[in-house]
Amino acid sequence: MARLIADNIALQFPLHSKAQVQADSDDTAIDDRLVTDGRGRIIGIQALRDISFSLNEGDRLGLIGQNGSGKTTLLQVLAEIMVPDAGTLTIEGRSTNLLNINLGMQPGASADRNITLRGLAAGHSLTEIQKRRAEIVAFAQLGEFAHMPVETYSAGMRMRLNYAIATAFEPEILILDEWLSTGDIAFRERATNRMNQFVDQAGILILASHSHKLLKDNCNRAIWLDQGRIRADGDVDTLWKAYAAEQKKRVAEDTNPKATAS
């Protein structure tokens, strides 16, 4: 049974010396995510703070928040691409992320070889990989090119191979940053159908998106991230309405600050 527990996760992005700047002490609206030293220099950015939640088999979690709120950073921590500075992350079950499906592709190796290497890197056995090999090649429509180096492929062929490998094995914990569907019109329809089946197979889904419909159709719970913290945790529709209302208010304030102030 898949399970994921995040307990007080925190992550800071340090600024190297050349990027460090002096904080403006007169700016009362300074972002509290900025980390300063004893001399008032900004030395880092607190990307995630006090992130705690748990997911069990069957949970479908949507992440809501504006750009810069920490959604992608949190996904990278949950995918174990980044290591948090504080807190603990407990994962039971095989985690599959589609944050960068091109990662790990070896241009000098054939599709057959890349299927093996990426399958092994994801924790699958040679037996599992062999069972999926023919289906991956067929879905990617590679034909005899399957035995040739990937560097000889067109951009479309590489994309189809990456997509086919990334969605070939049933996920226990699936981590997505927006929906994955790409390619020309003919392939996009096949890719969308495959993606729907892939998501349905996941024991746990974590999906970050700016689409209300996508989150509503695929998630039974949502977390609203704001400046690296959990603003709210609950029903998708309820959180989305509150989030959308706040975004609308911010746009109005930015467009006409004098009218808002009055």
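The values are calculated or read from the model by the stated rules, or taken from the named source; none is laboratory data. What you are looking at is a predicted structure, and each value in this text was computed from that prediction instead of being measured. With ideal geometry, Cβ positions are generated from the backbone for all residues, glycine too; neighbour counts draw on all protein chains shown. Heads up: the accessible areas ignore ligands, DNA and RNA and are worked out on the full protein's heavy atoms, side chains in. Shrake-Rupley method; radii C 1.70, N 1.55, O 1.52, S 1.80 Å.
Cα centroids of the range 190-262 and the range 81-156: 30 Å apart.
Shown are D112, D254, whose ranking by accessible area with a 1.4 Å probe and every protein chain present, most to least, is D254, D112. Highest GNM mean-square fluctuation among S54, S69, S95, for the chain modelled with Cα contacts below 10 Å: S54. A full extension of the chain between H212 and L117 corresponds to an added length of 30.5 nm, given 0.36 nm per residue minus the alpha carbon distance.
Which listed residue (W179, Q76, I136) has the Cα farthest towards the positive end of the charge dipole for the chain, taking +1 on Lys and Arg C-beta and -1 on Asp and Glu C-beta about the Cα centre? Final value for the positive-end residue is I136. Considering only A242, A146, A168, the Gaussian network model of the chain with Cα springs below 10 Å gives its largest mean-square fluctuation to A242.
In the chain, helical runs assigned H by DSSP with n ≥ 4 each contribute -39500 (n - 2.57); averaged across all residues and rounded to the nearest 500, the mean residue ellipticity at 222 nm is -11000 deg cm²/dmol.
Summarised as an ellipsoid, the range 60-130 has semi-axes of 29, 15, 11 Å, derived from the eigenvalues of the Cα gyration tensor scaled by 5 and square-rooted, with the largest first.
Could you work out the relative contact order of the range 84-187, using alpha carbon pairs under 8 angstrom and six or more residues apart, expressed as a whole percent?
In percent, rounded to a whole number, it is 40.
Can you work out the FRET efficiency for the pair A138 and L34, with r the C-beta to C-beta distance and R0 = 51 Å, to the nearest 0.05?
0.50
Helix screen, the chain: DSSP H segments with Cα axial length of 18 Å or more and mean Kyte-Doolittle hydropathy at least -0.5 are 126-140. Accessible surface of T255, taken over heavy atoms with a 1.4 Å probe and every protein chain present, rounds to 110 Å².
Once the Cβ-Cβ distance between I81 and D254 is put in as r, and R0 is 41 Å, what FRET efficiency do you end up with, to the nearest 0.05? With R0 = 41 Å, the Cβ-Cβ based efficiency is 0.80. Taken over the chain, the percentage of Cα pairs per 5 Å bin, counting from 0 up to the bin with the maximum distance, is 1, 5, 11, 14, 15, 14, 12, 11, 8, 5, 3, 1, 1, 0. Of M82, M1, the residue with the largest accessible area leads and the full order is M1, M82 (1.4 Å probe).
Considering only G108, G40, G58, the Gaussian network model of the chain with Cα springs below 10 Å gives its largest mean-square fluctuation to G40. Accessible surface for the chain, divided over its residues, is 53 Å² per residue with a 1.4 Å probe.
Total lysine pairs in the chain at Cα distances under 21 Å, for residues eight or more apart or on different chains: 11.
A full extension of the chain between E189 and E151 corresponds to an added length of 11.1 nm, given 0.36 nm per residue minus the alpha carbon distance. On the basis of the beta-carbon distance and an R0 of 45 Å, D7 and Q201 show a calculated FRET efficiency of 0.95.
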